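Following: one structure in structure tokens, then a few remarks.
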Amino acid sequence: MDGDSGTAGVAESGDARPERRARAVTAAIGAAVAALFLLILALCTTCLTDTDLYWHLETGDRIRRTGQIPRADPFSYTVIGHRWIDVHWLYQTGLSLLHAMGGTRALELLRAAVILGVFVFLFRRCRRAAGITLVVSVLLLVTLACQERFLVRPEIVSWGLMLAVLSVLERALDAGGRPARARLLFATLPALQILWVSLQGLFILEPVLIALALVGALVEFIRTRAAPAWSVPGVRPDADRPIDFLLALAAASVVSLVNPYGAAALRLPFDQFFVHLGGKSLLSRTIAEFQPPLFGDPVTPSIVAFVVLAAATLLAIVADFPRVRAFDLLVTLATLAVALRARRNIPLFALAAAPVLARHASALLSPARAWIERLAPAASKLGRSARAAAGIAAPALLAAGSLALTSAVVTNRFFMAQPTERWFGTGEIPHYFPDESARFVSDDGIPGNVFHSLSVGGYLIHAWRGERGVFIDGRNDPYLDDILPAYLRAVADPAVFEETARRYQITAVLWPHQRALEGKRLLSYLARGHGWVLVHLDPAAVVYLRADLLSPTRLDEGPFPAGHDRRETYDDLARRLEKRPFHGPPIREIALGEFFSVSGDAVGAGYFYARALDRLPDSAAVLYGYALALERQGKAKEARAAYARAVAADGGYLPARAAEGAFLLEEGRVKEAEENLDAAYHGGERSVRLLDARARLFERNGDIPRAVAAYSEALHLSPRDTGLLRSLAQFYVRHDELSSALPLYTTASQIDPDDPVIAREMAGLLVRLGRSSAALDVCRDASGRALDRLAGGTTGDWTVGQRAREDDRRLLLLAADLESKSGDRARAAEYLAALARAGLAGD
């Protein structure tokens, strides 16, 4: 069954060449196995970036301190005191104990030991069914499919328990007598379940797998009973087997209640498997790991390996169907179904399917090996050499492939292909978690509650040790009904955020730079002031505080005090990053660039994107961010060149293709613009910039209906994008549909009342409509904000760059003109004097 020994048909003992060939084959096989497990170890050696680890750790610390298992939520001010079913309590206690003894290094050793143990056990199971070369091939696919979940989470322990249950059930199905089967079903399985039910929610798998084994036993019983006695020699119907599995299912269900929460503990896994995973609930729509693997982004190596593994397993089952056991088929289909519902379940299928694929692929390959041996007789030296060469080449190629992947992992090239927040290394990445911001909030004695990104809630639980509550964290269950929807709405809509802040007495916002894009609307709103002040900025996160809590003195403190050169702050942040270096990709610099970009500070964004480019000069994503920062600074020529570099670096990076197409359209190079815009659109890009550029392209080509359709599509995707609203309003103005343009300007001004361009264009439109009084009202309202910005009195940290100064100048000139025409020359003179004081009168 092996087919890997390479020693079949060796020559007589006097010839040393067969022994050398056998040693070479053995060495190649050993290298393949060693390279596989070296790859697994490398994929286990990743920095601690998963914040769920920290709420598990803090819960374990609390259990050890108090001696009590939590039954009500102690960590969040939004659900404080609500019932909390913590099915991970035993894992958390062990995690806390390990951390107390050896810190994060002990936790990393735990992860590596558990995952390597799982794969050693899986290797032994597969090895019983197939040769080593085939087993290594299968496990290489399994490793790639599972690696995204190589985290310090309790699910990795569940993988081992699932494999143990599957092994016990297979042995029980094959047991020759009822006493042996009884020991497995009524002693081993209940013991495993009692342990599992206090470790992780996947304990529900044991009853499910027993039920599948029961169905398999019934199928085998019916098949053997229906078959003629002579067709299955030595096999007789065993009526006791299905009964035993039915009793085992009842026993597993009963012992599942042996936990601190009783029957209530069963609700969590049922909800996750049948409601949230891959369903239409809010959780499955917003959390990547709960989304179906075939219908979401990004398409990572894990997804590719999963698809290949699933296809190979199903093909092997179909091709060898007469020999497929009912239990194997049922387990494969059931685990495939749950894997197709959610990315986080891919390892369940991969680990369960590996022995099935190995067994049936080996059965299919056996006739091929026999046919080859008949073509190359044992006495033929050529036949011996060919078989030896094949026996060496296949494992050698597997070893080389595994080593190449290991090299890509340790250099982070593997993780950079489609970033999944996993990077090679140990411990925490310096300035990755908001440790300084968490201390600032605690040490400064900030009253009230803190709003923050969902992603760092678990870390803040640990950092604050329960002394300050969090808004939300990775414990999905307590937040599903009310808090998760409230969080998502607050991040997306400033008005909802303010309402949420009032409801929960929120006085501060702590936001990590790593989640700047996720919170771009909120961060942009906070950066413009609106009663919030930037009080703390460090290399990992930012803290905004309500302005009415600050004294006038404190208003001038913070990262960017009045009269302070902003570049000094950028340089200080860069020095702090260099002081605590991270030798992986420049993810911290990129995160800072993203923060400054969404906060409206194009200069700061360009500064940190440029530093990231020093280490990643050919990254299309970083080049795109840098180009966008240059464009917002008014450096169109440099931005155009950076967009071109991004496209040259990766023609498949669609945002850069869309941006270059928009630039080409502005330059009048319509054909080239159309090629880029079409490539981006048909590739799946749906950014506002792309849709806006397509609309302008259609308008330029005289296809007005398609232009309107493109604008409609863009508005459907981003109804609150002020730039898009302006563009569509200008479209209607160009086509003399002024009454259609006015509502768009009105909506845009309500969304962003601080934008001087919107106010000026809206006032100009009102003048054209003969509504000079309304135009004057708009100008007066906007001019007050412009005067505040020019005087440096804004409470936000929005950068008044050269372009913004010019926009304010043009607004105030229009306001002065309208005031003069209305007879209020004193107010007109006030506007002109403000421009003169700001040095803009002669611009």
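The values are calculated or read from the model by the stated rules, or taken from the named source; none is laboratory data. Note that this is a predicted model, so its numbers are computed, not measured. Cβ atoms come from the backbone with ideal geometry, glycine included; neighbour counts cover every protein chain shown. Side chains included, ligands, DNA and RNA excluded: accessible areas come from the protein's heavy atoms. Shrake-Rupley method; radii C 1.70, N 1.55, O 1.52, S 1.80 Å.
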Heavy-atom accessible area with a 1.4 angstrom probe orders Lys635, Lys579, most exposed first, as Lys579, Lys635
Rounded to the nearest 0.05, what FRET efficiency do Arg567 and His530 have when you use their Cβ-Cβ distance and R0 = 25 Å? 0.45
Heavy atoms only, probe 1.4 angstrom, no DNA, RNA or ligands counted: give me Val307, Val165 ranked by accessible area, highest first. Val307, Val165
With r as the distance between the Cβ atoms of Ser442 and Tyr77 and R0 = 22 Å, compute the FRET efficiency 1/(1 + (r/R0)^6) and round to 0.05. 0.90
Per residue value of the accessible surface for region 468-522 (all protein chains in place, 1.4 Å probe), Å²: 38 Å²
Can you give the extra length, in nm with one decimal, that the chain gains between Val254 and Ser740 once fully stretched, where that is 0.36 nm per residue apart less the Cα-Cα distance? 168.2 nm
So, with points 7 Å from each Cα along the Cβ direction, the Glu806-Ala112 label distance in nm works out to 5.7 nm
Rounded if a/c under 1.5, otherwise prolate or oblate - region 438-523, Cα gyration tensor axes: rounded
Explain nothing, just compute: Karplus ³J(HN,Hα) = 6.51 cos²θ - 1.76 cosθ + 1.60, θ = phi - 60°, for every residue of region 255-263 in order, whole Hz, x for Gly and Pro. 6, 5, 7, 7, 8, x, 10, x, 5
In Å², what does the accessible area per residue of region 690-780 work out to with a 1.4 Å probe? 44 Å²
Under the rule of at least 5 residues apart or a separate chain, name every residue whose amide H is placed under 5 Å from the amide H of Asn449. Ile506, Thr507, Ala508
DSSP beta bridges in the chain [antiparallel fraction, %, rounded to 5]: 70 percent
Compare the peptides 66-77, 639-650 by average per-residue count of other Cβ atoms within 10 angstrom and give them in order, highest first. 639-650, 66-77
Would you work out what percent of the accessible area of region 589-732, with all protein chains in place, is carbon or sulfur (probe 1.4 Å)? 49 percent
Centre separation in Å (Cα based) which lies between region 390-461 and region 116-187: 28 Å
Among GluC sites (Glu not before Pro) in region 650-738, those in a DSSP loop whose Cβ has at most 13 other Cβ atoms within 10 Å are Glu667, Glu737
Nearest 10, in degrees from 0 to 90: the angle of helix 483-492 to the longest Cα principal axis of the chain is 40 degrees
Taking 7 Å along the Cα-to-C-beta vector as the label spot, tell me the Phe186-Asp781 distance in nanometres, rounded to one decimal. 8.0 nm
Relative to the longest principal Cα axis of the chain, at what angle does helix 301-319 sit, 0 to 90 degrees, rounded to 10? 30 degrees
Distant-in-sequence amide H partners of Val542 (H built 1.01 Å from N, under 5 Å): Trp511, His513
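Rounded if a/c is under 1.5, else prolate if a/b beats b/c, else oblate: with a ≥ b ≥ c from the C-alpha gyration tensor eigenvalues square-rooted, which is region 454-599?
oblate
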For Arg183, the net charge from surrounding residues (Cβ-Cβ under 15 Å; K, R +1; D, E -1) works out to 0
Return one number: the angle in degrees, 0 to 90 and rounded to the nearest 10, between the long axis of the Cα atoms of helix 346-375 and the longest principal axis of the Cα atoms of the chain. 50 degrees
³J(HN,Hα) across region 498-509 via Karplus (A = 6.51, B = -1.76, C = 1.60, θ = phi - 60°), whole Hz, x for Gly/Pro? 5, 5, 5, 4, 5, 5, 9, 6, 7, 10, 9, 10
Would you work out what percent of the accessible area of region 489-533, with all protein chains in place, is carbon or sulfur (probe 1.4 Å)? 47 percent
How high is the FRET efficiency between Asp817 and Gln750 when r is their beta carbon distance and R₀ equals 25 Å, given to the nearest 0.05? 0.50
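Rounded to the nearest 20 Debye, what is the dipole magnitude of the chain about its Cα centre when Lys and Arg each give +1 and Asp and Glu each give -1 at the C-beta?
Here the chain has a charge dipole of around 2580 debye.
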